Structure formats: structure tokens, C-alpha cells
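Once you've had a glance at the structure underneath, I'll fire off some questions.
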Amino acid sequence: MDRMDRMDPAVAAAPDVFDPRVYAEGVPYDRYRLLRERHPVAWQPEPEVLGWPAGPGFWAVTRHADVVRVLRDHATYSSHLGATQIRDPDPADLPFLRRTMLNQDPPEHGRLRRTVARAFTPARVDAFAARVRERARTLLRAARDGAEGGSTDLVRAVTDEYALLNLTDLLGVPAADRGLLLEWTVRIIGYQDPEDAPAPRLGPDGKPLNPRSPALLGEMFGYARELAAHKRAHPGDDVMTALALAGLQDAELEMFFFLLTVAGNDTVRSAAPGGLLALAREPDAYARLAEGRVPVDRAVEELLRVHPPVLSFRRTAAADTELAGRPIRAGDKVVVFHASANHDERVFADPGRLDLARTPNPHVSFGDGPHVCLGAHFARLQLRVLYEEWRAEMPAPELAGEPRRLVSNFINGITRLPLRVSGPVR
């Protein structure tokens, strides 16, 4: 095993939180707890999995304070050096991946973030609130009225469409093209899942090509350029018009479109069914929400804590350093686990309990530091409205079958969520 010179036997025995197949069974909270208690910064081997090649291994960071430290200290823990996915990109692709602000460090990151922030303003987002509410109401009623046997898969019937259509409205994507965004998102986010993603394309060496590589993003980038040209000729009050008129280089605009399409869609696409699943498993908590005994805004934060959209993010050590007593060498991969930080007993009392009134609630579901999620305001708006409309239109959420989770160590996805949707509104 690589770097055994740095590991004592206890660290070598730390539980595996890398294998994406583990997450298909559920977020491994017991493993996270063991890591937080005994190995808060633990070396993780990175074997070949599902045809994806082996890597050199990485440090798993599981305590809240250490996660926040890594996310805030961009000088020591870089997004630029090796990008932000656990798996190492092809070295030939790295310059391309560094064009997106997700894979940049300040000050370069700040310039691009300010550009998109001017397009992605809270005022522009809030202007869509009525449309978001009508969409939630329409999708929920259709799911309820069209359900066979009183139940339906909420992912297919409601949450996939809800997240996608809200995002495309905000971006200004024509209705006829909206299916493309879901197709691209599934391909890029679900690539570790043999069922959720199409069969991977193989490179000359017979290994799967990274779905984030330039070879596989050409179609999306070509569409971004065409849409931007259309917006320059026919401007609207939408994010793509603002970006098209911002004087960005083609490569910068393409990468913004990639980031907004994938991250903007999958944040709510993951969090919405996750929140409903949590409520279905805790009927007493839902009753308090339905009866108005818990503010919806506060409930949103707790549901995000227990089901963060993103499970992990990678940084690369820019210099030799130390974290939680572990020596980290320059070039090491350092991976923070958001779902573990959100259950850290040092920060959250009784973290396994769904407490919709929890306050304070310093979860890291939208990250921290310079890369904190730019779309968090839009995501919170959509989740709040969905839960409000569920409360008004639907019976108490109740499982009608086993949910299916995404095979991924990155996205905390729910790919099927059978819920009862007929019956009296509570």
C-alpha cells in the first residue's frame, strides 16, 4: 500500500469510505463515527472499482472543525492543483478542468465568482418564486392524481422535473432543449452507477473516459456557445443572457454553463428526495412541520444537514502540513466528507436525531470558505416551497417500497423513491 511509512497499524485498519458501492446501501454513518472517534484524518486506499482505475490513495477528513479548516484554507489545501474529484484526472485534461471556478483558487477564483454572482443575484432568484411554487403544486397534484395504487416514484414524477425545470427557467434554456440538461447531468454525476448512467465510453487503453474530460463535453460546450449567441441577439431576464453579455471568453462561458447545469440541477435533484425520505422515516417530525409547529426555513436546514447533496470534495495539499496530528505531504489528496461533518457529536447534539427545530445548525452541506455554493439561495427557495406545497397538497409522506440510492461517493443521490401520494392531507 502506498505511503505505509506514514501510517501506524491503527490508521491502516480505518474503515473504507471510498468505495462508491458502499453508498448504494446507505451513507456509512457508523464508519464515519469510527473515523471521527479514532482516525479523524485517515489514509484511504483507492483500489480499482467498477472498471475505474486505481489511484494513489487520499486522506479522509471527517470531523466538522477539520472539514471547515480545509475548506477555508485555500493556500494550504488547493482546488487548483488536482481539481476537486477524488479520482485523479488525466494529466492532459487538468488544464482544461482548471478553467472552471470550482477548480480554481483565489484570486483567480474570485474574479470568475464575482462575474457569475452578478448574474445569479438573490433578486433574480426571488423573482422566480411564484413560478417555482406553481410548478411544485402542479407536479405534486399530477403525481397524486395519476398514481396507480396510491403510490408513485417521487424522483421520476416530481423531483427530477422540479429541479430541472426550475434551473432551466433561471438559465433561460428553451423548453425544447431541457431534456439535454438532464441527460448531461446523469452522464456526469451518475458515472459510477452502472444502472443510472449510460455505458462509459472507453479510451484507447480500454479504460473508461472521465465524463468530465473535454472529449466527452464537446456537445454541451457547443450548445452553450449557441445559446449564448442566441441570448446576445435576443436578450432576456435570465442568467445565460447576463453571462453572454459579461464579456467572458468562450472557454469561461462554456465552463460556467457546465457548472451551473450540473451543480445547479443536481443539488436540488439530490436534496429534495432526500428530505422527503427523511420525513417519511420520521412521521412525528413531519407532523410537527405539517401542523406549523416548526418554521419551514429551519426545517430546510435540518433536512439539508441529514441529507447533504454532496458527500465529499477533494483538495490537494500545496505544502507539507499537519492536520489533526497527521503529517500531510505536499501533493497528497485531502478529501472532506460533508455527511460526516454534519453528524459530528462535537458540534451537533444527538446528531442522529432529526430535529427540525435545531438551532444553531452550522451544517456544511453547501460547503464553506471561498467555494461555498453560489446557488445555495436558489436551492433553499426550491426546497422550502416544495415542502410547503407538500404540506398543503399531500398526505404525510410514507414509504411504499424501498428507495434506491445512487452508486456514488460524491453525490448523495436518490434514484427511486416510492411514496404513498393518495389519502387525506394531514
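The values are calculated or read from the model by the stated rules, or taken from the named source; none is laboratory data. The model shown is predicted, which means the values in this text are computed figures rather than measured ones. Positions of Cβ are generated from backbone atoms using ideal geometry, with glycine treated the same way; all protein chains shown enter the neighbour counts. Only protein heavy atoms, including side chains, enter the accessible area calculation; ligands, DNA and RNA are left aside. Shrake-Rupley method; radii C 1.70, N 1.55, O 1.52, S 1.80 Å.
Could you tell me whether any residue of the stretch 100-113 is part of a loop (DSSP other than H, G, I, E, B), over 16 Å from residue 332 (Cβ atoms) and open to solvent by less than 10 Å² (accessible area, probe 1.4 Å)? Explain how you work it out, then say what you get.
Of the residues in the stretch 100-113, the ones part of a loop (DSSP other than H, G, I, E, B) are 100, 104-107.
In the following step, the residues that additionally are over 16 Å from residue 332 (Cβ atoms) were identified as 100, 104-107.
Next cut, open to solvent by less than 10 Å² (accessible area, probe 1.4 Å) only: 100.
Yes, because at least one residue in the stretch 100-113 is part of a loop (DSSP other than H, G, I, E, B), over 16 Å from residue 332 (Cβ atoms) and open to solvent by less than 10 Å² (accessible area, probe 1.4 Å).
Scan the stretch 69-95 residue by residue and report those that are surrounded by fewer than 19 Cβ atoms within 10 Å (Cβ to Cβ) and outside any loop (DSSP other than H, G, I, E, B).
If the condition is that a residue be surrounded by fewer than 19 Cβ atoms within 10 Å (Cβ to Cβ) and outside any loop (DSSP other than H, G, I, E, B), then 69, 72, 94, 95 are the ones that fit.
This table checks each residue for (1) closer than 30 Å to residue 148 by Cβ; (2) assigned to a loop (DSSP other than H, G, I, E, B).
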| site | (1), (2) |
| --- | --- |
| 349 | no, yes |
| 352 | no, yes |
| 363 | no, yes |
| 377 | no, no |
| 383 | yes, no |
| 386 | yes, no |
| 389 | yes, no |
| 401 | yes, yes |
| 425 | yes, yes |
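When you scan the stretch 255-286, how many residues do you find that are surrounded by 20 or more Cβ atoms within 10 Å (Cβ to Cβ), over 20 Å from the mean Cα position of the chain (by Cα) and of a type outside the set (A, V, I, L, M)?
Of the residues in the stretch 255-286, 1 are surrounded by 20 or more Cβ atoms within 10 Å (Cβ to Cβ), over 20 Å from the mean Cα position of the chain (by Cα) and of a type outside the set (A, V, I, L, M).
Give the stretch 338-364 a look and list any residue that's surrounded by fewer than 20 Cβ atoms within 10 Å (Cβ to Cβ) and of a type in the set (Lys, Arg), or say none.
Within the stretch 338-364, 346, 353 meet the criteria.
If you take the residues in the stretch 3-45 that are at pLDDT below 75 and not charged (D, E, K, R), which one is most open to solvent (accessible area, probe 1.4 Å)?
If we take residues in the stretch 3-45 being at pLDDT below 75 and not charged (D, E, K, R), then 9 is most open to solvent (accessible area, probe 1.4 Å).
Follow-up. Taking the stated definitions as given, is residue 367 on the phi > 0 side of the Ramachandran plot, open to solvent by less than 40 Å² (accessible area, probe 1.4 Å) and in contact (Cβ under 8 Å) with a residue 40 or more places away in the chain?
For residue 367, the condition - on the phi > 0 side of the Ramachandran plot, open to solvent by less than 40 Å² (accessible area, probe 1.4 Å) and in contact (Cβ under 8 Å) with a residue 40 or more places away in the chain - is met.
Take the residues in the stretch 12-31 that are assigned to a helix (DSSP H, G or I) and without any contact (Cβ under 8 Å) to a residue 60 or more places away in the chain; name whichever of them is farthest from the chain's Cα centre (by Cα). If you could, list the steps in order and put the result at the bottom.
Start the filter on the stretch 12-31 by keeping residues that are assigned to a helix (DSSP H, G or I), which leaves 12, 20-24, 29-31.
Now narrow it down to the ones that are without any contact (Cβ under 8 Å) to a residue 60 or more places away in the chain: 12, 30-31.
Values: 12: 29, 30: 21, 31: 21 Å.
So, considering only residues that are assigned to a helix (DSSP H, G or I) and without any contact (Cβ under 8 Å) to a residue 60 or more places away in the chain, the one farthest from the chain's Cα centre (by Cα) is 12.
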